[in-house]
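Structure, as structure tokens:
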Amino acid sequence: MADPKHSKVERTLKRYLVRYNYGVGSLWAFVLAESKEQVESRFPKVIVYSEPPPWFTLEMESATHTYSIDKPGGWLPTLLKA
């Protein structure tokens, strides 16, 4: 029998594309999270896409960084909900 104090909870994370529009352009990133709502709650200033738009090319996707909801990097920490 597994010890509940030492068992890990499995989380299913999905990759969400996020966009921050700063007026004269946009910043893009992927965020690994449990749900779209989790991303929207943590980063209320971004637009969250469940799927990339049709015009988002493979080249754009490969140039876009991926961060975890638990350890956001790049420009994302500046948008964390206080």
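Okay, here's what the table says:
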item	result
(1) 36, 28, 24; (2) 56, 32, 20; (3) 35, 27, 19, with the label sought being that of the calculated Cα extents along the principal axes in Å	(2)
Theoretical ellipticity at 222 nm over the chain - DSSP helices of four or more residues, -39500 (n - 2.57) apiece, nearest 500	-3500 deg cm²/dmol
Table column - 3J(HN,Hα) (Hz), the range 17-25, Karplus curve with 6.51, -1.76, 1.60, x for Gly and Pro	8, 10, 9, 10, 8, 9, x, 10, x
Lys, Arg +1 and Asp, Glu -1 on Cβ, resulting dipole of the chain about Cα centre, debye, nearest 20	260
Per-residue HN-Hα couplings for the range 52-66 [Karplus 6.51, -1.76, 1.60; θ = phi - 60°; Hz; x = Gly/Pro]	x, x, x, 7, 6, 6, 4, 5, 5, 4, 5, 8, 9, 6, 10
Residue-by-residue Karplus 3J(HN,Hα) for the range 39-48, coefficients 6.51, -1.76, 1.60, Hz, glycine and proline x	5, 4, 5, 6, 10, x, 8, 9, 9, 10
DSSP loop GluC sites (Glu not before Pro) with at most 16 other Cβ within 10 Å: longest gap in the chain	35-82
The range 22-78: chymotrypsin sites (Phe, Trp or Tyr not before Pro) falling in loop per DSSP and having at most 10 other Cβ within 10 Å	22, 55
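We did not get these values from a lab; they are worked out from the coordinates using the rules stated. These numbers were taken from a predicted model, which means no experiment stands behind them. Cβ: placed from backbone, ideal geometry, glycine included. Neighbour counts: every protein chain shown.
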